[in-house]
Every structure is written in C-alpha cells, then in structure tokens.
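Below is one structure, written out as structure tokens; comments come after it.
Values in this text are rule-based calculations from the coordinates and carry no lab data. Because the structure is a prediction, the values reported are computed rather than measured. Please note: Cβ atoms are built from the backbone with ideal geometry, for glycine as well, and neighbour counts cover all protein chains shown.
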Amino acid sequence: MSNLSEHHMPSGSFNIPPQWQVTSAKPNTPKIVTHLTPQGLRLLRTPSKPITDLKQAAQVAEWLKNTLLDAANQVGIEGVGLSAIQIGIPLQIFVAEINGVLEVFINPKIKPTSPQKEIDTEGCLSLPNIVVPVPRYKKIIVKYTTLQGTKTQKVLKGFNARVVQHEFDHLQGKLITDYALYPSQIKKASTTVTS
Ligand SMILES: [Zn+2]
C-alpha cells in the first residue's frame with residue numbers, strides 16, 4: 001500500500017492513468033507497470049507517441065532513472081533499461097545502460113547495419129517472472145534526440161544493441177513474449193539482468 005499524500009507523482013501536463021500514479025516508497029519514483037493486471041498489459045501494448053517538449057522529456061527521464069534504480073525493490077530484479085510506457089507514460093523515450101552508463105534516448109529510430117541476428121535469453125522488468133530467447137540484430141544504428149535537443153546517433157553492437165532493441169520494442173507495444181516460437185520457450189525467470 002502506498003501513501004498517496006506523501007508520494008504522489010509531480011504534477012505536470014501528462015495524462016497518466018490514475019492507477020499508475022501510485023509510487024514506491026521513494027518520492028519521484030513511479031511504479032513499474034507489469035503484465036500481471038489487465039490494465040497493465042493493455043498499457044504495455046500501447047504504442048508511444050513522439051515527444052515534442054524537452055522539459056517533459058527531462059521530467060520523464062528523471063522518473064525513468066529513479067524507477068530503474070528502484071527496480072529491485074519493486075519487482076525483485078535489476079534492469080539495464082526502462083521505457084516510459086513501463087511507468088505508464090506513452091511517450092517515445094527510454095533509458096538504457098550503454099557500457100555501464102545510463103543514457104537517455106528520445107524519439108529513437110533503429111536501423112540494423114547488417115541482417116545478422118543472434119539469439120539470447122532476455123527478461124523484462126514488466127514481465128518479472130519470465131524469460132524468452134529473443135533474436136536481435138547484432139549491430140544497429142540508433143538515431144535519437146538528446147535531452148539537450150541535439151539530434152545524434154550511435155552505432156551499437158552485441159549487448160548494447162540488444163538492450164536498445166528491447167526498449168525500442170516497448171515504444172511499439174511489443175513484448176519479449178512476442179518472439180516465442182512456441183509456448184514452452186517462455187520460461188520462468190532465473191536471471192537478474194533484465195530491461
Ligand atoms: Zn522490457
């Protein structure tokens with residue numbers, strides 16, 4: 001149970017569904033949306049809209065960072081990335097750990113630089129009890145806007161490329177379970193690093 005009088009979300013122009021305005025024990029730390037309720041699953045399936053207001057982006061980025069750091073408290077696992085829809089905000093922004101540094105990606109677009117993919121086991125903070133083998137492009141270019149409003153791009157490989165592809169999927173309402181070729185590929189989680 002949360003104490004709403006002490007820990008409600010900061011006011012702003014966001015239209016956050018009331019059920020997600022409950023926070024964890026920390027201020028400015030929204031709750032992670034999971035698939036465990038019908039409302040949560042519906043939200044996770046919602047495509048996100050581009051961001052036009054950088055102030056709004058800065059606020060959401062702060063919430064995302066706080067929530068990612070609080071993930072172990074909230075869902076019992078640690079993460080390496082988090083998309084705005086995972087805290088109930090359908091805007092195209094996510095944070096992802098790239099070589100150990102948490103970076104913010106606004107309005108990202110992804111292009112593979114070769115058709116080569118590799119399969120690895122992935123988890124998700126919004127599906128905290130599940131892992132699935134997911135094929136991802138080995139090397140991508142991600143074009144995005146920074147918090148300063150600069151348009152930029154990064155070439156990413158391996159695990160970095162995987163994390164960004166996972167978060168990018170969230171912006172389209174796509175989940176790791178969509179990659180399962182048959183139900184038995186969806187397994188109970190035993191790993192701790194997810195996004
Ligand atoms: Zn995820």
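Whole-Hz Karplus ³J(HN,Hα) for the stretch 178-186, in order, using 6.51 cos²θ - 1.76 cosθ + 1.60 and θ = phi - 60°, x for Gly and Pro?
5, 8, 5, 7, 8, x, 6, 6, 8
Restricting to the stretch 15-194, compute how many DSSP beta bridges are antiparallel as a %, nearest 5.
90 percent
Taking amide H positions as placed 1.01 Å from N in the peptide plane, with prolines and chain starts having none, which residues 5 or more places from residue 49, or on another chain, fall under 5 Å of its amide H?
Hits under the 5 Å cutoff: 91, 92.
Give me the distance between the Cα centres of the stretch 40-90 and the stretch 128-168, rounded to whole Å.
15 Å
Nearest 0.05, what FRET efficiency do residue 150 and residue 46 give at R0 = 25 Å with Cβ-Cβ as r?
Details: r = 28 Å, r/R0 = 1.11.
Efficiency, rounded to the nearest 0.05: 0.35.
In sequence order, what are the phi-derived ³J(HN,Hα) couplings for the stretch 52-67 according to the Karplus relation 6.51 cos²θ - 1.76 cosθ + 1.60 with θ = phi - 60°, rounded to whole Hz, with x for glycine and proline?
Karplus values, whole Hz, x for Gly and Pro: 10, 10, 5, 5, 4, 4, 5, 5, 5, 4, 5, 4, 5, 5, 4, 5.
Using amide H atoms built 1.01 Å from N in the peptide plane, name the residues 5+ places from residue 131, or on other chains, whose amide H lies under 5 Å from its own.
187, 188, 189
How large is the Kirkwood hydrodynamic radius of the stretch 15-194, counting all unique pairs of alpha carbons, in Å? Write out the running numbers ahead of the final one.
On the way: mean 1/r = 0.0615 Å⁻¹.
It works out to 16.3 Å.
Tabulate in residue order the Karplus-calculated ³J(HN,Hα) for the stretch 90-97, using 6.51 cos²θ - 1.76 cosθ + 1.60 with θ = phi - 60°, rounded to whole Hz; enter x for Gly and Pro.
Per-residue couplings from phi come out as x, 10, 7, 8, 8, 10, 8, 7 Hz.
Past 32 Å, Cα to Cα: identify those pairs from 117/187; 26/49; 55/117; 26/111; 65/154, in the order given. Display every interim value, and only then the final one.
On the way: 117/187 21 Å; 26/49 27 Å; 55/117 36 Å; 26/111 37 Å; 65/154 20 Å.
Pairs exceeding the cut-off: 55/117; 26/111.
For 45, 136, 162, which order do you get if you count the other beta carbons within 10 Å of each Cβ and list the fewest first? Walk me through the numbers on the way to the answer.
Numbers: 45 13, 136 21, 162 24.
Ranking 45, 136, 162 by Cβ neighbours within 10 Å, fewest first, gives 45, 136, 162.
State, to one decimal in nm, how far the label point of residue 180 lies from the label point of residue 121, with both points 7 Å from Cα in the Cβ direction.
1.5 nm
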